[in-house]
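The values are calculated or read from the model by the stated rules, or taken from the named source; none is laboratory data. All values reported here derive from a predicted model rather than from experimental measurement. Reconstructed Cβ throughout: ideal geometry from the backbone, glycine too, with neighbour counts over all protein chains shown. Surface accessibility is based on the protein's heavy atoms, side chains included, excluding ligands, DNA and RNA. Shrake-Rupley method; radii C 1.70, N 1.55, O 1.52, S 1.80 Å.
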Amino acid sequence: MAGVCGKSAVSFSVLKRSLWLRSPRSVLCPGRSGALEARLAARAPHPLRALRHPANVCFSCQDSMSDTLRTCYAYLNQTSRSFAAVIQALDGELRHAVCIFYLVLRALDTVEDDMSIPLEQKLPLLQDFHTFLYQPEWSFSQSREKDRRVLEDFPTISVEFRNLGQEYREVISDICHRMGVGMAEFLEKKVSSMKEWDKYCHYVAGLVGIGLSRLFSASQLEEPEVGRDTELANSMGLFLQKTNIIRDYLEDQQQGRAFWPEEAWSQYASGLEDLAQPQHLSSALSCLNLLVTDALRHVPDVMLYLSRLRNQSVFNFCAIPQVMAIATLSACYNNPQVFQGVVKIRKGQAVTLMMQATNMSAVYSIITQYSHEILQKVSISDPSREKTLQILSVIREKSVHEGCVSSRAHHHISPVCVSAAMILAALSWQYLNTTAGPAGGADMQGH
């Protein structure tokens, strides 16, 4: 897997192939998994609470931290780059819980990604990884992955895990267990059907979304409903993971990885690698558009999920990756560059999205904008045309209707929230300038 897992997304992609990461590729950084039919009940979004502790956005507020917790935040900044800023902007004790959640999944994903670990050794490591959280001395020094430090110094992470409240420990241990079992399942089989694609994305990204949602509710910053509705949380992860997988076709092929489902590509080529051949461009674009359409069916769930969030720091944490994802999908749709190079949204575009995505009205507008961009690119001859038009129509209807309701509600965003968003955007800009390549682009996680 690649992502934060062969492809996981830890953040809502920690793993890319998990909740919010990209090799970190994963939704906390995440895989790639199951999906639900689009559904969105008419519902006015709740007003967001103002960011109560703007100082939390400052990374220098570490005087009261233990040495081990300070080290954990150092690992967070070393391994996530883009989402470190968003995680550290979370309110109160939730910040520490999500930081540890991310690092635990990053360590798990590092095991899964490491092709130098023999299969007979890797399987039990993945399946039993959750038990290492309660083994103070456990560490792993045989990894060759770039993020191997989180395994070598796992005792530092596990001690801070054990310092968390029981309500957080139960969530992190449970998700780690389920994700490890899922990763082990896909070590020995390919992603064949669209249903298996959903299942894989669930393991590496959907579970991240579910775990984060349960942490949000456990912190009492969000209502219990947020943690209980696992279908919506799963869709949050799947949308990010599928976007990562679609965008990273060429990179994965070059590294010997394959995450596009055979049920999709076999309709257009005899082998997944054939899609990169110039003579197969037409077929490649048809396959690409089919997968983008499949990913778009999660957008109604994403909108409903975000509309339920009340805490500003949680909202920013969740909304920014999602709007980056739909912008990335728009850039990928019907784009030959997916098979020839790297598709990235511009740095300026990324920062603008980060600054705008602070309330539901803005999110609805962003989703409407990029859905319309995709609509303009739908070819009359594309085999998935009808399905694409159908889901775009559903998205437009939901976003326009709910956007109007949200606007009429006149939700007030305090100057503190705006300031926090500007600080976050400035930090993100710094990350982008530091890490961007010659192309000057940024992926959906701000790389």
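Of all residues in segment 369-382, those that are under 13 Å from residue 331 (Cβ atoms) have Cβ atoms under 9 Å from Cβ atoms of residues that are among the aromatic types (Phe, Trp, Tyr), 6 or more apart or on another chain, in 373/333; 374/333; 377/333.
Selection of segment 329-359 for residues being in contact with an Asp or Glu (Cβ under 7 Å, 6 or more places away or on another chain) and modelled with pLDDT of 95 or more yields only 330. Pairs meeting the criteria (first residue in segment 131-147 and on the phi > 0 side of the Ramachandran plot, second residue surrounded by 13 or more Cβ atoms within 10 Å (Cβ to Cβ) and at pLDDT below 95, beta carbons under 6 Å, at least 6 apart or on different chains) are lacking. Scanning segment 218-240 for residues that are over 19 Å from the mean Cα position of the chain (by Cα) and in a helix (DSSP H, G or I), we see that the one that is surrounded by the most Cβ atoms within 10 Å (Cβ to Cβ) is 218. Within segment 136-191, being among the hydroxyl-bearing types (Ser, Thr, Tyr) and in contact with a Pro (Cβ under 9 Å, 6 or more places away or on another chain) holds for 139, 158. Screening residue 274 with (1) part of a helix (DSSP H, G or I); (2) within 20 Å of residue 205 (Cα to Cα) gives one miss only, at (2). For segment 68-116, a residue qualifies if it is open to solvent by 10 Å² or more (accessible area, probe 1.4 Å), of a type in the set (Lys, Arg) and modelled with pLDDT of 95 or more, and the qualifying residues are 70, 95.
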